[in-house]
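A short worksheet on the structure shown next.
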Amino acid sequence: MKKIMLICCLFLGVSIAASAQSRPGTSDPVEKAKELQQQLKLTDKQTAQIAAIYTDSAEKFDKIKTEQKGNNDKMLVAIRPLRAATVKKIKAVLTTAQAAKYEKMVSGKDKASTGWSDGWSSTASN
């Protein structure tokens with residue numbers, strides 16, 4: 001009985017780890033830009049520009065996270081302007097049609113809305 005329970009726990013742990021790694025929004029900024037490329041049909045140039053925006057945003061988020069030392073309330077306040085600036089920079093790279101679709105994604109009106117406005121989802125968990 002103990003062996004069966006151990007095997008079940010091991011299987012559950014592996015399953016959870018695998019699903020956490022494949023969740024949208026947990027990729028690095030470059031991969032996240034490539035996912036956005038598929039969602040919005042971006043050009044390679046747009047994708048490179050957005051990857052740079054996401055990378056910059058992730059670095060700034062890491063700095064905020066370090067400065068706030070795990071205080072989630074202060075962190076949430078500090079990242080609001082960063083998130084807004086990131087969205088604004090990304091929209092500046094997009095066409096009008098792409099920007100409209102992106103707006104739905106970041107506002108949660110699209111089922112693919114996970115983390116598109118930040119660029120730091122991967123570093124937030126590190």
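The values are calculated or read from the model by the stated rules, or taken from the named source; none is laboratory data. Predicted model only: the values in this text are computed from it and were never measured. FYI the Cβ positions are ideal-geometry reconstructions off the backbone, even for glycines, and counts take in every protein chain you see.
I'd like to know if the stretch 112-122 contains one or more residues that are touching a helix residue (DSSP H, G or I) at 6+ places or on another chain (Cβ under 8 Å) and either at pLDDT 90 or above or of a type in the set (K, R) (or both). Checked against the condition, which is being touching a helix residue (DSSP H, G or I) at 6+ places or on another chain (Cβ under 8 Å) and either at pLDDT 90 or above or of a type in the set (K, R) (or both), the stretch 112-122 yields no hits at all. When the stretch 65-84 is limited to residues that are surrounded by fewer than 16 Cβ atoms within 10 Å (Cβ to Cβ) and β-branched (V, I, T), the one that is nearest to M105 (Cα to Cα) turns out to be V77. A Cβ distance below 8 Å, combined with a sequence gap of six or more or placement on separate chains, defines the contacts here; from the stretch 28-43, residues that are within 14 Å of A97 (Cα to Cα) reach residues that are of a type in the set (K, R) in the pairs Q39/K101; L40/K101. For K32, the conditions (1) modelled with pLDDT of 85 or more; (2) over 13 Å from the mean Cα position of the chain (by Cα) are fulfilled apart from (2). The number of residues in the stretch 44-65 that are touching a residue at least 60 places away in the same chain (Cβ under 8 Å) and aliphatic (A, V, I, L, M) comes to 2. Of the residues that make up the stretch 86-104, is at least one surrounded by 13 or more Cβ atoms within 10 Å (Cβ to Cβ), of a type in the set (D, E) and free of Cβ contacts under 8 Å to residues at least 60 places away in the same chain? Yes, because at least one residue in the stretch 86-104 is surrounded by 13 or more Cβ atoms within 10 Å (Cβ to Cβ), of a type in the set (D, E) and free of Cβ contacts under 8 Å to residues at least 60 places away in the same chain.
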